2 protein chains.
Amino acid sequence: MQVIDVDLHHQISEWSAVAPYVASGLRWRVARPGGPPLARHGFKKVGAAVADPAADPTWVKEHYLDARGVDLAILTGSLRSLGVQPNPDLAAAIARGLNDWTLDNWVRPFNCYKGSILVAQQDPQQAVAEIDRLGADPGMVQVLMGSASEAPLGRRAYHPIYAACVRYNLPLALHIGGEGAGISSPATAVGHPTTYFEWYGSLPQSYMGHIMSMVTEGVFERFPTLKVVLCDGGVFWLPHIMWRFDKNWKAQRSETPWVKLPPSRYILDHFYLTTYPLEAAPEAKHLHHVLEMIEAERTLLFSSGYPNWELGDPFDMIRDVPDALRRRVMVDNALAVYGDRLLAPNRPRS
Amino acid sequence: MQVIDVDLHHQISEWSAVAPYVASGLRWRVARPGGPPLARHGFKKVGAAVADPAADPTWVKEHYLDARGVDLAILTGSLRSLGVQPNPDLAAAIARGLNDWTLDNWVRPFNCYKGSILVAQQDPQQAVAEIDRLGADPGMVQVLMGSASEAPLGRRAYHPIYAACVRYNLPLALHIGGEGAGISSPATAVGHPTTYFEWYGSLPQSYMGHIMSMVTEGVFERFPTLKVVLCDGGVFWLPHIMWRFDKNWKAQRSETPWVKLPPSRYILDHFYLTTYPLEAAPEAKHLHHVLEMIEAERTLLFSSGYPNWELGDPFDMIRDVPDALRRRVMVDNALAVYGDRLLAPNRPRS
């Protein structure tokens, strides 16, 4: 193994191909030209149907995986606003349909792709049912939710989702991109940004909010084996959370007696970060310093964000990652996070 | 000069003492026992009247400034939610009243205190009028707004406030603490936190949102001499913004052609950070690395946050700041930011 890519955005070219996987009552909403009425935030299209070669698994294998030496890619799709879709039944129906469509068309015909169980967190019961439905499938290696959210993910309403992840030993992946759409909170702590540039730059705030919420609400005391992979958010913002939080913990934990360890311990033991898009520090030493702070030798996973490479080639982006870390970032850390299931054969639909 | 403290929270012990400074029509709302109906977020009291020795300028001079070798302190009060007060007229009336009360009772009788022109940003016109009313007073050294906001501070509605700051050569100070109160956006990018611990830890998100908004909306191209001091938010979170933003700028600036420089340049040239409460990194070298990233030799100002020392003594907190930076952080940087007005005599009310 040379490269495991934990974040490949497989695309949908025709929603009509997904529609047969959706329950008949809601199928008409998915089958319409242009696809279902997904919540949009106005900064860029999200979850749009695209006529793109990246929607063809054979083409992607040849032109990306084989061409760049990627052995294995975890598919994360592009529906970032599903968890802030106003209608929770439509969101859950789309998630179920897409999961089956992904298994049939991408995962099971190939050895090089693994799937994510996409769920919509605004109805935790349906999310849990979907994890129970597909959690034992060897083609699925994680549960996936958009980080765009009506509420911080430490809230107790979401805990059944984490119980289900742990039940199947599946990491939870979060992915930025739906922030500000549908029933989402504004995309920053001070309200709605105006331009794509401002909005995109602000996205790591989602992860900061969720980390703080999950730690302070005691998610990792309750689910000590839960792992969370934060896709597509960079890495430089993590140290401030760990150490602001550690300092405050000494004085402020009386309301949260279940937070027994310094917050940085929960963060470093449970969260994983991905390489695309790594911040562009003016000197390599700054990156080296931050990689040391976040214990990147265990916590950092290679991701391409394919095919959205507007910020540059994901292999160029990691050129300043020290050689001593490279094997871990490219392969070993992903194997440690995802375990044997990453290498298990994908089985045909029974 | 040994120490300049840029963030001393002078307290109000009796709102009845402030009421005479408020216009007669709204005076009754301020004079009531417990003070005016200030927006509260439910995490801690904000802007509450307290029977506290810190409300006595003579006591504070003797027991804090003189005892700790502080030559000069900039007063920032404790009304953090004024900019998210639902009634903009009440907010503006309170700001005017408090500014006059501060001048009469704290600034003008002493040489060791300087005031901030408190304004409420939800009505920019009244904020501008207040800056015009007091902007030439040598006792006032900055304009002060809460960072809690209905909208990010780069929005064009707020630009007249920045024009007024520049007109009087006054830095703008922002202060965290009202986040989530009144008409504020939720205190994180993913909704409302639950505990004080989570809420307080999340507060730097406000500054991130405002910085991104002010840079992308072109505030510093329009007001090239504007300086912004970010009080009480720590420092470790700044590098990620600079370099995530710089990277994105290369690909994403077509919507914002007025952002002519890499965003880190605007950030390092226009924003200043304060020392209380510095994050608690497990090793001093991590702090040193971050201080280098943020060019702390120019951008970092000593602040005490007096009297709210729940996170520790502000002098202990800076023990790992390198000796080579100490004089700049304690004195020289504040003199550079605030200029001659910091040393000018406070004149009596004319």
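Count charges around A:Ser254 for me, please; just the other residues with Cβ under 15 Å from its Cβ, Lys/Arg as +1, Asp/Glu as -1.
Within the 15 Å Cβ shell, the charges total +1.
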Checklist entry - Over chain A, what is the relative contact order in whole percent, taking alpha-carbon pairs under 8 Å and six or more residues apart? => result 19
Checklist entry - Residues with amide H under 5 Å of A:Tyr272's amide H, sequence separation 5 or more or different chain, H placed in the peptide plane at 1.01 Å from N; which? => result A:Val228, A:Val229, A:Leu230
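Tell me the mean residue ellipticity at 222 nm calculated for chain A from its helices only (DSSP H runs of n ≥ 4, each -39500 (n - 2.57), averaged over every residue, nearest 500). Working shown, then result.
Numbers: 16 runs with 127 residues, N = 350.
It lands at -9500 deg cm²/dmol.
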Item to check | Within 10 Å of each Cβ in A:285-294, the average number of Cβ atoms from other chains | outcome: 4
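If packing is taken as the average number of other Cβ atoms within 10 Å across a peptide's residues, how do B:136-142, A:272-278 rank, most packed first? Display every interim value, and only then the final one.
Details: B:136-142: 21.7, A:272-278: 25.0.
The most tightly packed comes first, giving A:272-278, B:136-142.
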Checklist entry - Which one of A:Gly35, A:Gly201, A:Gly180 has the biggest mean-square fluctuation once chain A is modelled by GNM with Cα springs under 10 Å? => result A:Gly201
Item to check | region A:245-295 versus region A:76-96: alpha-carbon centroid distance in Å | outcome: 30
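Around A:Pro277, with a cut-off of 13 angstrom between Cβ atoms, what is the net charge of the other residues, counting Lys and Arg +1 and Asp and Glu -1? Write down the numbers at each step before the final one.
Numbers: positive: B:Arg244, B:Lys247, B:Lys250; negative: A:Asp7, A:Asp232, A:Glu279, A:Glu310, A:Asp313, A:Asp316, B:Asp246.
That sum, taken over residues with Cβ under 13 Å, equals -4.
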Checklist outcome for this item: When chain B is treated as a Gaussian network with springs between alpha carbons less than 10 Å apart, the largest mean-square fluctuation among B:Gln85, B:Gln252, B:Gln125 is found at B:Gln252
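Grab the beta carbon distance between A:Ser13 and B:Glu295, set R0 = 60 Å, and tell me the FRET efficiency rounded to 0.05. Can you show the working numbers first?
On the way: r = 48 Å, r/R0 = 0.80.
Efficiency, from the Cβ-Cβ distance: 0.80.
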Checklist entry - In the Gaussian network model of chain B, springs joining C-alpha atoms below 10 Å, which of B:Tyr113, B:Tyr64, B:Tyr158 carries the largest mean-square fluctuation? => result B:Tyr64
Checklist entry - Which lysines have a Cα lying under 24 Å from the Cα of A:Lys260, excluding residues fewer than 8 positions away in the same chain? => result A:Lys227, A:Lys247, A:Lys250, B:Lys44
Checklist outcome for this item: Taking the dipole of chain A about the Cα centre (Lys, Arg +1; Asp, Glu -1; charges at Cβ), the one of A:Trp243, A:Ile4, A:Asn333 that reaches farthest to the positive side is A:Trp243
Checklist entry - Taking the highest mean first, how do the peptides B:316-322, B:12-18 order by number of other beta carbon atoms within 10 angstrom per residue? => result B:12-18, B:316-322
Item to check | Sparse-neighbour loop sites [GluC sites (Glu not before Pro); region B:180-289; at most 15 other C-beta within 10 Å; DSSP] | outcome: B:Glu283
Checklist entry - Using a label point 7 angstrom from Cα along Cα-to-C-beta, what distances in nm, from shortest up, separate A:Arg327 from the other copies? => result 5.1
Item to check | Within 10 Å of each Cβ in A:320-329, the average number of Cβ atoms from other chains | outcome: 0
Checklist outcome for this item: Once Lys and Arg are counted +1 and Asp and Glu -1 for all other residues with Cβ under 10 Å from that of B:Val166, the total becomes +3
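Normalised by the number of residues in region B:28-176, what is the relative contact order in percent for Cα pairs under 8 Å and 6+ residues apart? Intermediate results must be reported in sequence, preceding the final value.
Working: 206 pairs, mean separation 31.1, N = 149.
Taking the mean separation of contacting Cα pairs over the length of region B:28-176, I get 21 percent.
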Next on the checklist: For B:Arg68, place a label point 7 Å from Cα along the Cα-to-Cβ direction in every copy; what are the distances to the other copies, in nm, shortest first?
Outcome noted: 5.2
Item to check | Point-charge dipole on Cβ atoms (K/R +1, D/E -1) for chain A, about Cα centre, debye to 20 | outcome: 820
Checklist entry - How well do other chains shield peptide B:21-31, expressed as the mean number of their Cβ atoms within 10 Å of each residue Cβ? => result 0
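Computed from the coordinates by the stated procedures, all read-outs in this text should not be read as laboratory data. These numbers come from a predicted model, not from an experiment. We place every Cβ from the backbone using ideal geometry, glycine too, and count neighbours over all the protein chains shown.
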